[in-house]
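What follows is a single structure, written as structure tokens, with notes after it.
Nothing in this text is a laboratory measurement; each read-out follows from the coordinates by a stated rule. The shown structure was predicted, so the numbers you read here are calculated from the model rather than taken from an experiment. Cβ coordinates were reconstructed from backbone atoms using ideal geometry, including for glycine residues, and neighbour counts include every protein chain displayed.
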Amino acid sequence: MSVEDKQMHPDQLEGLPHPRQSGLVFGHEKPAASFLEAWNAGRLHHAWLLAGREGVGKATFAYRLASLVLSGAEGAILPDDLLHAFDHDCRDAALVATDSHPNLLVLRCSWNSKTKKFGNRITVDNVRDLQHFLGNTAGMGKWRVVIVDRADDLNVNAANALLKMLEEPPAFCLFFLVSAEPGKLPVTIRSRCRTLRMSGLNTDEMIACLKHIAKESAVELPEVDKLETIAELANGSVRLALEYMTGRTLEDLGEINKILDLLPRIDPQITIKLAERLSLRGADRDYHSFLGLLVAQISRRIREMALQGTTGKHALALWCELWETIIIRKSETDLLNLDRGNFILDLFSQIEDVANRAGGLRIQKTRAGNP
């Protein structure tokens, strides 16, 4: 991916289509129905907050709605038409897909040519682009659309500048604010938006979505059983599933389960090798993926042991406390840029200590041989 491409597409996973290029939206029938009810009735609110966990398809949904609005579609539109139909002959939809529609503006973090990284905040300078955009006459049709991706990245000054425009929006202007953590947005912004809650995809929707993306890109699908495992591990997040598909997730999962099965004893050589690998320069993706899988597997095993009723409340409480500690410590390590290798070594030392006090995390097998 070239620097120019990165400048345009900060939220795009390398080698995969950008959300605006997707012709399909999977899941999200309820938010689609809510938006289309207002659209078909001619009572469209001027600002919509698309709220949901990271990677569930909020940006794809926003671009899909933008294509609908900018095309000026007339007549009743059904949710299935919005979610599963993409007219490649539609000029407006094609321009949205190529990021060249004159009536669409996307606010996002900018690429810093000096640091060769994206900024982590949307600044007031970015919002000035919006002021210029809204000050001009619409180039095509009567509608203009603004997508803020992600609204969570707005700094204080940018949020205040955006608020002024949400308070007095121009006619025929629509705002879509994409947010994974809407609770962190100023109440004044949230109060001026209509919220569409977007939940994660179920396993069937996830598999269908991954198959579609693989068809539209160079990504190879794993075998059926591995694909199902990845879909379940992603817990509703398409982005996470794609990262799992293109990384070493299944190998890491096997290693994690092997470590957890052998508790309370952990081979120090294994943890040393893990710490070395996950703290290497350029290993960000593997590091975050491994920690995410570890937390998920500990959570799953705690839940299964609680359901089986074979583990005491005190022991379960100790494991739950450690699960929470891991999440907090990882956040602190990332925020303060602490040494990841030391964090990994200390983490497994804590896991071993809790296992010696509370017992291991091995799930009893049923007669059928399944957990």
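Of the Cα atoms belonging to region 3-197, the radius of gyration and Dmax stand at 15.8, 49 Å. Between region 193-245 and region 287-333, the C-alpha centres lie 24 angstrom from each other.
Between Glu251 and Ser113, the C-beta separation translates, for a Förster distance of 41 Å, into a calculated FRET efficiency of about 0.65.
Residues in region 151-158 carry Karplus couplings, in order, of 5, 4, 8, 5, 7, 4, 5, 5 Hz; the curve used is 6.51 cos²θ - 1.76 cosθ + 1.60 with θ = phi - 60°, and Gly or Pro positions show x.
Grab the alpha carbons of the chain, take their convex hull, and tell me the volume per residue in Å³.
Working: hull volume 61.2 nm³, N = 371.
Per residue, the Cα convex hull of the chain comes to 165 Å³.
Backbone phi angles across region 237-245, fed through the Karplus curve with coefficients 6.51, -1.76 and 1.60 (θ = phi - 60°), yield HN-Hα couplings of 9, 5, 4, 5, 4, 5, 5, 5, 5 Hz in residue order; Gly and Pro are listed as x.
Taking the chain as a Gaussian network, Cα atoms linked when under 10 Å apart, which of Leu154, Leu307, Leu227 shows the biggest mean-square fluctuation? Maximum among the listed residues: Leu307.
Label reach from Ala283 (point 7 Å along Cα→C-beta): in region 340-360, amide nitrogens under 17 Å belong to 340-349. At Lys184 and Ile328, where each label point lies 7 Å from the Cα along Cα→Cβ, what is the point-to-point distance in nanometres? In this crude label model, Lys184 to Ile328 measures out at 1.9 nm.
Apply 1/(1 + (r/R0)^6) to the Cβ-Cβ distance of Lys273 and Asp125, taking R0 = 41 Å, and write down the FRET efficiency to the nearest 0.05. Write down the numbers at each step before the final one.
Values: r = 45 Å, r/R0 = 1.10.
That pair, Lys273 with Asp125, gives E of 0.35.
Here the extension length gained between Ala306 and Glu37 equals 92.5 nm, from 0.36 nm per residue of separation less the Cα-Cα distance. About the centre of its Cα atoms, region 247-358 shows a dipole size close to 220 debye [charges on the beta carbon of Lys, Arg (+1) and Asp, Glu (-1) only; nearest 20 debye].
Length gained on full extension, Leu335 to Lys30, computed as 0.36 nm times the residue gap minus the Cα-Cα distance: 106.2 nm. Summarising the amide proton neighbourhood of Val106: residues at separation of 5 or more, or on other chains, whose placed amide H is nearer than 5 Å comprise Ile147.
Comparing Leu345, Leu24, Leu49 in a Gaussian network model of the chain, where Cα atoms under 10 Å apart are tied by springs, the biggest mean-square fluctuation is seen for Leu345. Projecting label points 7 angstrom from Cα along Cα→Cβ for Asn136 and Leu105 puts them 0.9 nm apart. Backbone amide hydrogens, once placed in the peptide plane, bring Phe175 within less than 5 Å of Ala47, Trp48, Val146, excluding anything fewer than 5 places away on its chain.
Can you pull the semi-axes for region 247-358, root of five times each eigenvalue of the Cα gyration tensor, sorted largest first, whole Å?
Values: eigenvalues 114, 44, 35 Å².
Equivalent ellipsoid semi-axes, largest first: 24, 15, 13 Å.
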